[in-house]
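Chemist: Take this structure, written in structure tokens, and hold onto it; I'll ask about it next.
The values are calculated or read from the model by the stated rules, or taken from the named source; none is laboratory data. Keep in mind that what you see is a predicted model, and the values were worked out from it rather than measured. Heads up, the Cβs are rebuilt from the backbone with ideal geometry, glycines too, and the neighbour counts pull from every protein chain shown.
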Amino acid sequence: MIQRSLVLLLALAATPALAQPKADPDWPCVQRKVTTLSPGQFWTGPDLAAAASEWGSDNGAAALAQKIASRRTDLAEVDGLLDDYLAKLPDRGAREQGLARVYAGVFEVLNGERSKVMGGITRYAQGQRRMAERIREEADQISQTKDAPSATDARELPKEQTELETKFAWDRRIFQERTQSLAYVCEVPQLLEQRLGEIARKIQAKL
């Protein structure tokens, strides 16, 4: 029973990684790993060279960028927030410059959040691999205890074996819960990319 459970756990750990080329053993997700994003992937408006360095010092653009980048802000609110921001700018040139700064800020915020999430996923995968190895060792220890001369009577399990089986069951439960959570965690970078793309579209529609 223990060996069968162990095989299942190790299979669960390996399955996501096997769904893609083994370019990075620490990337456990089915989704393809894209390490870095470029602002130009989502933007066809004015050049962003100046906006990328200026948005942080533009209080209006920075505040709006932070607000619409936040996942607490529904995407349905973004158009109205952009209109309110544009109404305060004097002319077309200022509006184009302001919108470029807003996008530059949104990109930096969401790209930074995405990078942190991807780093967390890598640490998550490494932790799962260490736990799988620990469960393997616990299963081996239980088997060795059962094979020991003192374990001839299955009704009188040594205290050491009981403790090992309790720890094995607990670690197995944690491993399974973390494996089930992985599918959601792996979706987060893609969701952030989708949010960035949708916000970029809305900003460009105002140009």
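Chemist: Of everything in segment 59-95 that's without any contact (Cβ under 8 Å) to a residue 60 or more places away in the chain, in a loop (DSSP other than H, G, I, E, B) and basic (Lys, Arg), which residue is surrounded by the fewest Cβ atoms within 10 Å (Cβ to Cβ)?
Modeler: As a first pass, look at segment 59-95 and keep what is without any contact (Cβ under 8 Å) to a residue 60 or more places away in the chain: 59-67, 70, 72-74, 76-77, 80-81, 84-85, 87-94.
When the remaining residues are screened for being in a loop (DSSP other than H, G, I, E, B), the result is 70, 72-74, 87-91.
The next check asks that each one be basic (Lys, Arg); those that pass are 72, 88.
Working: 72: 6, 88: 10.
Result: 72.
Chemist: A follow-up question, please. Residues in segment 41-52: is at least one in contact with a helix residue (DSSP H, G or I) (Cβ under 7 Å, 6 or more places away or on another chain), modelled with pLDDT under 95 and more than 20 Å from residue 207 (Cα to Cα)?
Modeler: no
Chemist: Now for a different question. Give segment 100-117 a look and list any residue that's buried (at least 21 other Cβ atoms within 10 Å of the Cβ) and in contact with a Pro (Cβ under 8 Å, 6 or more places away or on another chain), or say none.
Modeler: Filtering segment 100-117 for residues buried (at least 21 other Cβ atoms within 10 Å of the Cβ) gives 100-107, 110, 114.
Residues satisfying the conditions are 100, 103, 104, 107, 114.
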